[in-house]
Every structure is written in structure tokens, then in C-alpha cells.
Amino acid sequence: MKTTTPTTKEIIEIMKQASNALDRFNKAHRHLDVCEKTESDLELWSSNLRCHATTLNSRIIYK
């Protein structure tokens, strides 16, 4: 299957949606009450988000 490169507008829209979703979540949930079992999952996904954001940021800056 051939993949097409997204346009700049599409990339910006994806970043806006992700940013807005996280902003809404952070405003609605100021404090997280999680158990130890799920805390490691949260840390993993938080790390994954940072990794993907950093990768995209680097690709934009160093294109």
C-alpha cells in the first residue's frame, strides 16, 4: 500500500487537534488520582507522546 505525504495544512491540523485535546484535558483534570499499577502505563504513554512530539519537531526544524 502506497502512503502519501501529508500536506503542511494536514500536519498543522493534526498538531492543533492534539494540542487542543491535551489542553482541554489538563484544564478539566487538574489532579490525577491513579493507582500504582496504572501509573507505569501513564508514564509510558507520556513518554511516547514526548518522543513523537520531539521527532516531529526535529523533522520540521531540520527538514
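Restricting the first member to the stretch 21-32 and to residues that are in contact (Cβ under 8 Å) with a residue 60 or more places away in the chain, and the second to residues that are loosely packed, with under 10 Cβ neighbours inside 10 Å, no beta-carbon pair is closer than 9 Å while six or more apart or on different chains.
Of all the listed residues (K2, K9), the sole one being assigned to a loop (DSSP other than H, G, I, E, B), open to solvent by 80 Å² or more (accessible area, probe 1.4 Å) and charged (D, E, K, R) is K2.
Could you tell me which residue of the stretch 29-62 is modelled with the lowest pLDDT, considering only residues that are surrounded by fewer than 10 Cβ atoms within 10 Å (Cβ to Cβ) and under 19 Å from P6 (Cβ atoms)? Result: Y62.
The values are calculated or read from the model by the stated rules, or taken from the named source; none is laboratory data. Source: prediction; values computed, not measured. Reconstructed Cβ throughout: ideal geometry from the backbone, glycine too, with neighbour counts over all protein chains shown. To get the accessible areas, we keep the full protein, side chains included, count just its heavy atoms, and leave off ligands, DNA and RNA. Shrake-Rupley method; radii C 1.70, N 1.55, O 1.52, S 1.80 Å.
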